[in-house]
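These notes are about the structure you will find just below.
The values are calculated or read from the model by the stated rules, or taken from the named source; none is laboratory data. Just so it is clear, the model here is predicted, and its values are computed rather than measured. Positions of Cβ are backbone-derived with ideal geometry, glycine not excepted, and every protein chain shown enters the neighbour counts.
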Amino acid sequence: MKQIRIATRASKLALAQANQVMDALASLFPSLSLSIVEISTKGDRDKSDFLYEVGSIGFFTSEIEKALLDDRADIAVHSLKDLPTAMTEGLVISAIPRRENVNDVIVTLGKIASIDDLPKGSSVGTSSLRRMTQLKLIREDLNYPPLRGNVETRIRKVQEGQLDAIVIAQAGLNRLGLSAEISLVLEAKDFIPAPGQGALAIQTRQDDTELCELVSKLDDPNARITAETERRILAGLHGGCSIPLGVFSYIEKETIHIHAILCNLTATKIIRKEMSCPVDKAGETADIMTGQILEEGGREILEEIRRDKDRQTDNSY
């Protein structure tokens with residue numbers, strides 16, 4: 001019986017995701033002996049308000065990857081949007097399973113029909129620059145206190161009245177069985193998600209060809225194409241959590257539709273792009289979109305964000 005150790009963060013959501021993968025593998029390969037290895041990451045230990053201020057590349061993933069490389073685990077399960085676009089040497093993404101819902105949602109007390117229903121001056125918790133800037137495009141009067149912590153902690157801050165609302169990924173709530181907490185779904189075409197949002201990445205050591213082949217049975221072609229297309233734009237802009245970039249793509253028949261938005265921190269400069277192409281041209285089209293974003297003001301926005309990050313770093317000493 002082959003022993004497979006699955007590395008993951010120890011949060012409820014991360015464990016739910018790892019167990020989902022474990023169940024899928026067990027269903028396909030009943031003879032496997034599967035176990036979970038919980039790993040503490042820098043992102044779990046560092047409670048800084050805004051990730052972009054602390055240099056967040058690999059913030060939630062590097063220790064898990066190290067466990068793979070050190071042979072303390074055999075596969076790793078990540079939220080794909082946490083994983084840097086530059087793959088760590090010796091590791092590969094052997095599967096991107098079928099994607100969960102990609103939308104962001106608002107959680108507040110009671111249902112609302114739109115963001116306009118939030119009272120003037122409401123405090124909407126988020127530490128995502130992407131979410132913050134897109135909200136500013138809709139409501140300039142809202143306040144955005146920083147929000148960290150696991151999904152349950154974030155929801156509790158609304159229930160206890162510390163915040164009027166939070167913005168969070170629908171995928172996490174669905175995976176935790178907390179969909180009833182959703183007050184408003186923000187449709188992806190209008191409120192563009194993070195690249196790879198809703199997708200999982202199953203990582204293996206590149207030289208373990210047998211395990212790579214086994215895990216690849218969980219790969220979903222559409223999930224891989226859309227997620228890789230979105231992350232290609234992110235990589236082309238050399239960004240991570242540090243830039244307010246939204247990218248969303250979906251496939252209809254043999255056509256992929258790609259939506260992207262990049263804003264500056266005050267949401268006074270906005271670049272929106274929409275393109276469609278045959279699926280086999282997705283990478284080429286992503287590169288074209290990236291070039292257009294850069295040429296139409298993206299370079300200036302990225303430089304502005306870099307300067308702001310440098311100021312924040314200097315002020316922390």
(request) Would you be able to say whether some residue in the stretch 146-169 is farther than 18 Å from Arg99 by Cβ, without any contact (Cβ under 8 Å) to a residue 24 or more places away in the chain, surrounded by fewer than 24 Cβ atoms within 10 Å (Cβ to Cβ) and touching a Leu at 6+ places or on another chain (Cβ under 8 Å)? (result) yes
(request) Could you check how many residues of the stretch 1-42 are among the basic types (Lys, Arg) and either outside any helix (DSSP H, G or I) or buried (at least 17 other Cβ atoms within 10 Å of the Cβ) (or both)? (result) 3
(message) So His78 ticks every box in (1) in a loop (DSSP other than H, G, I, E, B); (2) under 14 Å from Ala201 (Cα atoms); (3) in contact with a Ser or Thr (Cβ under 6 Å, 6 or more places away or on another chain) but one. Which box is left unticked?
(response) (1)
(message) Out of the residues in the stretch 219-241 meeting the condition of being crowded, with 19+ Cβ neighbours inside 10 Å and in contact with a Pro (Cβ under 7 Å, 6 or more places away or on another chain), tell me which one is modelled with the lowest pLDDT.
(response) Gly240
(request) Mind counting the residues in the stretch 82-104 that are assigned to a strand (DSSP E or B), buried (at least 21 other Cβ atoms within 10 Å of the Cβ) and not charged (D, E, K, R)? (result) 3
(message) Quick check on the stretch 224-233. Is at least one of its residues in the same structural domain as Leu25 (by TED's automatic domain parsing) and assigned to a loop (DSSP other than H, G, I, E, B)?
(response) no
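Being exposed (fewer than 14 other Cβ atoms within 10 Å of the Cβ), farther than 20 Å from Ser128 by Cα and modelled with pLDDT under 90 is the requirement here; does Asp280 meet it?
Values: exposed (fewer than 14 other Cβ atoms within 10 Å of the Cβ): yes; farther than 20 Å from Ser128 by Cα: yes; modelled with pLDDT under 90: no.
Answer is no for this residue.
Go through the stretch 45-73 and report how many residues are part of a loop (DSSP other than H, G, I, E, B), modelled with pLDDT of 90 or more and either touching a Gly at 6+ places or on another chain (Cβ under 9 Å) or buried (at least 22 other Cβ atoms within 10 Å of the Cβ) (or both).
Taking the stretch 45-73 and keeping what is part of a loop (DSSP other than H, G, I, E, B), we get 46-50, 54-61, 70-73.
Add one more test, that the residue is modelled with pLDDT of 90 or more, and what stays is 70-73.
Keeping just the survivors that are either touching a Gly at 6+ places or on another chain (Cβ under 9 Å) or buried (at least 22 other Cβ atoms within 10 Å of the Cβ) (or both) gives 73.
Adding up the residues that qualify gives 1.
Give the residue, chosen from Lys111, Lys120, that is at pLDDT 95 or above, surrounded by fewer than 17 Cβ atoms within 10 Å (Cβ to Cβ) and within 23 Å of Arg156 (Cα to Cα). First the steps, then the outcome.
Working: Lys111 fails: at pLDDT 95 or above.
Sole residue among the options that is at pLDDT 95 or above, surrounded by fewer than 17 Cβ atoms within 10 Å (Cβ to Cβ) and within 23 Å of Arg156 (Cα to Cα): Lys120.
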(message) Of all residues being of a type in the set (A, V, I, L, M) and within 16 Å of the chain's Cα centre (by Cα) in the stretch 177-210, which is farthest from Pro84 (Cα to Cα)? Just the residue, please.
(response) Leu186
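One line per residue, one yes/no per condition, for (1) touching a Lys or Arg at 6+ places or on another chain (Cβ under 8 Å); (2) surrounded by fewer than 13 Cβ atoms within 10 Å (Cβ to Cβ); (3) among the charged types (D, E, K, R); (4) in contact (Cβ under 8 Å) with a residue 24 or more places away in the chain:
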{"position": "Gly246", "(1), (2), (3), (4)": "yes, no, no, yes"}
{"position": "Lys253", "(1), (2), (3), (4)": "no, yes, yes, no"}
{"position": "Thr266", "(1), (2), (3), (4)": "yes, yes, no, yes"}
{"position": "Lys269", "(1), (2), (3), (4)": "no, no, yes, yes"}
{"position": "Glu284", "(1), (2), (3), (4)": "no, yes, yes, no"}
{"position": "Glu296", "(1), (2), (3), (4)": "no, no, yes, yes"}
(message) Tell me yes or no: at least one residue of the stretch 274-297 is acidic (Asp, Glu), more than 18 Å from the chain's Cα centre (by Cα), part of a loop (DSSP other than H, G, I, E, B) and at negative phi.
(response) no
(request) Looking at (1) surrounded by 20 or more Cβ atoms within 10 Å (Cβ to Cβ); (2) free of Cβ contacts under 8 Å to residues at least 60 places away in the same chain; (3) on the phi > 0 side of the Ramachandran plot, find the lone condition where Gly198 falls short. (result) (2)
